[in-house]
Amino acid sequence: MHADGYAGFEDLYRSGDLREVACMAHVRRKFVDVHRAQGAAIADEAICCIAQLHAVEKEARGSPPDQRVALQQAKAKQIFDDLEVWLHTQLPSISGKSPLAAAIRYALTRMVRLRPYLDHGILELDNNTAERAMRSAAIRRKNYLFVGSQTSSRRLTGPSRMRPILRHITTQI
């Protein structure tokens with residue numbers, strides 16, 4: 001299961017039925033935040049390395065799983081390994097309480113759980129596709145939270161397929 005570092009999922013992984021595959025977009029976001037706040041060169045370098053991994057992923061996208069694995073092994077594995085080693089070497093040289101150190105520690109823990117992506121052609125570097133697919137449902141749920149009645153939900157949606165969903169939501173309120 002592709003996921004961020006949400007601790008609530010740990011019970012699912014402990015059962016052994018699911019195996020976590022981390023998301024590089026969440027790792028990248030930590031470095032982007034540090035770079036915006038501090039302009040840290042180390043954060044910028046990490047972002048550049050992650051961009052190289054995304055470039056390989058873009059090249060692999062849409063290919064059959066066996067071709068994806070071959071491409072990931074040929075191109076992404078070395079970048080991934082180099083990034084992981086580089087992060088390990090950077091960590092001792094910075095303050096342990098800094099946001100950059102926190103980003104590096106997060107990245108290192110997530111990279112261990114991201115490594116299966118290199119060996120399985122059905123896995124991707126991040127879960128952005130799934131998150132984009134779920135975004136519209138989450139936005140609708142938030143927007144319709146305070147509709148208040150079926151009459152106002154009809155006014156809001158007009159003749160649409162959302163009426164049964166809104167009827168359920170408004171009866172829950």
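The values are calculated or read from the model by the stated rules, or taken from the named source; none is laboratory data. No experiment lies behind these values; they were computed from the predicted model shown. Cβ sites come from the backbone with ideal geometry, for glycine too, and all protein chains shown count toward neighbours.
Quick notes
- Within the range 40-65, residues that are assigned by TED's automatic domain parsing to the domain that holds G121 sit with their Cβ atoms under 9 Å from residues that are acidic (D, E), at 6+ positions apart or across chains, in these pairs: A43/D33; C49/D82; H54/D126; E57/E124; E57/D126; A60/E124; R61/E124.
- Qualifying residue in the range 64-85 (condition: within 24 Å of L12 (Cβ to Cβ) and among the polar types (S, T, N, Q)): no
- Out of G62, G96, one residue alone is of a type in the set (G, A, S), part of a loop (DSSP other than H, G, I, E, B), surrounded by fewer than 17 Cβ atoms within 10 Å (Cβ to Cβ) and within 20 Å of the chain's Cα centre (by Cα). It is G62.
- Qualifying residue in the range 10-17 (condition: among the acidic types (D, E), crowded, with 16+ Cβ neighbours inside 10 Å and at pLDDT below 95): no
Let's see how each residue does on (1) within 18 Å of L125 (Cβ to Cβ); (2) polar (S, T, N, Q); (3) touching a residue at least 12 places away in the same chain (Cβ under 8 Å):
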| position | (1), (2), (3) |
| --- | --- |
| V34 | no, no, yes |
| A37 | no, no, yes |
| Q73 | yes, yes, yes |
| V85 | no, no, no |
| M111 | yes, no, yes |
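- For the range 1-48, a residue qualifies if it is assigned to a helix (DSSP H, G or I) and among the small types (G, A, S), and the qualifying residues are A7, G8, A25, A37, A41, A43, A46.
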